[in-house]
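See structure below.
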């Protein structure tokens, strides 16, 4: 199935998010996403199993440890870890999942579908969270040009 604009907007309309996949060193793509989303006004809770804080903010060891309910989780970990993360999200009552490119796995996608979770995969959240700047704006333009940008159909998953 293809990603729909409705699914993208459903996730992006959630102003409180968790991000699984930040690093203590701050050099991973998850950290760039964390900074970018915070800069766009999202309340973002970083999740890392061994970190106490990330970029000066309190970090949580699991999705269940979050201090408040989040509207969605952004996953930016190796695909081998993603199925565990989506199971944890489901157990924590989080029903919206954005798997960054490279984080998706067949089993994680099927888990989300089987549990009726709104799921985006194969897309970069930085191409959608407004305002889109720099390389992400170019990336979005190119995807529109070649037909890979999400349609306005009602599907809730993206291409595999």
Exercise. Taking residue 43 as the residue in question, decide whether it is surrounded by fewer than 16 Cβ atoms within 10 Å (Cβ to Cβ), closer than 20 Å to residue 9 by Cα and in contact with a strand residue (DSSP E or B) (Cβ under 7 Å, 6 or more places away or on another chain).
Key: yes
Quiz item: Among (1) surrounded by 21 or more Cβ atoms within 10 Å (Cβ to Cβ); (2) more than 13 Å from the chain's Cα centre (by Cα), which single condition is residue 5 missing?
Solution: (1)
Quiz item: So is residue 118 buried (at least 17 other Cβ atoms within 10 Å of the Cβ), at pLDDT below 60, closer than 22 Å to residue 20 by Cα and within 16 Å of the chain's Cα centre (by Cα) or not?
Solution: no
Quiz item: Any chance segment 144-154 includes a residue that's surrounded by 13 or more Cβ atoms within 10 Å (Cβ to Cβ) and modelled with pLDDT of 90 or more?
Solution: no
Practice problem: Among the residues of segment 45-56, count how many are more than 10 Å from residue 20 (Cα to Cα) and assigned to a strand (DSSP E or B). | Solution: 2
Quiz item: Given 70, 44, 86, 22, which one is within 22 Å of residue 115 (Cα to Cα) and in contact with a helix residue (DSSP H, G or I) (Cβ under 8 Å, 6 or more places away or on another chain)?
Solution: 86
Quiz prompt | Enumeration of residues in segment 57-80 that are surrounded by fewer than 15 Cβ atoms within 10 Å (Cβ to Cβ) and not in a loop (DSSP other than H, G, I, E, B) | solution = 57, 58, 80
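The values are calculated or read from the model by the stated rules, or taken from the named source; none is laboratory data. Just so you know, these numbers come straight off a predicted model, no measurement behind them. A quick note on method: Cβ atoms are made from the backbone with ideal geometry, for glycine too, and the neighbour counts reach across all protein chains shown.
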